[in-house]
Amino acid sequence: MTQPQTDEHVAYIRSTIDPDTRKAACLLRWGPVETLLTPEVTLNTARDLMAAAAHAEADIAFLAYCREQIKVDLRTAGLMLRDIRARRPAPSGKTALRIQAVAGARTGQALVHIGRGSMKGELAPDEAREMAGHWTEAAMAAQIDVRLRYVLADFSHVLTPGDIEQIFAKLQGLQR
């Protein structure tokens with residue numbers, strides 16, 4: 001994120017399982033926020049982070065073109081951009097974060113604003129893409145982990161539930 005990095009300002013995501021359903025899940029930790037997400041919601045969030053990064057950069061390019069090439073004043077360019085944004089297809093599916101592409105007309109900076117509950121953050125487009133990659137990895141790992149747990153349970157004559165948990169604790173340690 002573009003603001004100073006502290007644990008409170010970083011949204012962490014990792015694969016896990018839902019303890020109630022034993023289904024694949026991802027754990028989001030961000031400041032006081034801690035919630036379980038389905039892999040589908042996690043992947044939708046990653047998709048929207050990628051899209052917001054691209055939209056923010058395209059919006060900055062559009063504003064620069066309006067200013068430099070066709071000499072449109074900032075107010076008019078902003079109104080045109082608002083109309084263009086309204087014509088973009090809205091993403092579908094539930095996401096874990098509020099995500100918004102931001103074009104700093106005066107600063108020329110493309111940004112992605114994110115939020116959940118009281119937590120808010122600001123990412124450069126490349127940071128949003130990197131975050132999307134982590135979210136995609138966590139969703140895929142969660143789905144693989146559930147399948148692996150299922151297979152390991154077949155070896156109950158060799159592995160105890162505690163052994164399986166130790167294996168996953170070590171695997172999750174490698175994700176960091």
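Every number in this text was worked out from the coordinates using simple rules, so none of it is lab data. The model shown is predicted, which means the values in this text are computed figures rather than measured ones. With ideal geometry, Cβ positions are generated from the backbone for all residues, glycine too; neighbour counts draw on all protein chains shown.
Looking at ALA101, ALA139, which is the one that is more than 23 Å from THR21 (Cα to Cα) and in contact with a helix residue (DSSP H, G or I) (Cβ under 6 Å, 6 or more places away or on another chain)? Please lay out each step first, then the result.
Details: ALA139 fails: more than 23 Å from THR21 (Cα to Cα).
Of ALA101, ALA139, the one residue that is more than 23 Å from THR21 (Cα to Cα) and in contact with a helix residue (DSSP H, G or I) (Cβ under 6 Å, 6 or more places away or on another chain) is ALA101.
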Checklist entry - Does any residue of region 79-88 turn out to be in contact with a Phe, Trp or Tyr (Cβ under 7 Å, 6 or more places away or on another chain) and crowded, with 20+ Cβ neighbours inside 10 Å? => result no
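May I ask you to list the residues in region 140-176 that are part of a helix (DSSP H, G or I) and of a type in the set (D, E, K, R)?
Step one: of region 140-176, the residues part of a helix (DSSP H, G or I) are 140-153, 161-175.
Within region 140-176, ASP145, ARG147, ARG149, ASP163, GLU165, LYS170 qualify.
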Checklist outcome for this item: Of the candidates ILE164, ILE99, the one satisfying the condition of being under 19 Å from HIS55 (Cα atoms) and β-branched (Val, Ile, Thr) is ILE99
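Looking only at residues in region 110-139 that are among the hydrophobic types (A, V, I, L, M, F, W, C) and assigned to a strand (DSSP E or B), which one is surrounded by the fewest Cβ atoms within 10 Å (Cβ to Cβ)? Write out each step before concluding.
Quick first cut of region 110-139, residues among the hydrophobic types (A, V, I, L, M, F, W, C) only: 110-112, 114, 119, 123-124, 128, 131-132, 135, 138-139.
Now narrow it down to the ones that are assigned to a strand (DSSP E or B): 110-112, 114, 119, 123.
Values: ALA110: 25, LEU111: 23, VAL112: 32, ILE114: 25, MET119: 17, LEU123: 26.
Within region 110-139, the match that is surrounded by the fewest Cβ atoms within 10 Å (Cβ to Cβ) is MET119.
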Item to check | Residues that are aliphatic (A, V, I, L, M) and under 25 Å from GLY121 (Cα atoms), drawn from region 65-83 | outcome: LEU81
Item to check | Yes/no for THR95 being without any contact (Cβ under 8 Å) to a residue 40 or more places away in the chain and under 21 Å from ALA142 (Cβ atoms) | outcome: no
Checklist entry - Which residues, taken from region 19-73, are touching a residue at least 40 places away in the same chain (Cβ under 8 Å), part of a helix (DSSP H, G or I) and small (Gly, Ala, Ser)? => result ALA46, ALA51, ALA52, ALA53, ALA54, ALA56, ALA64
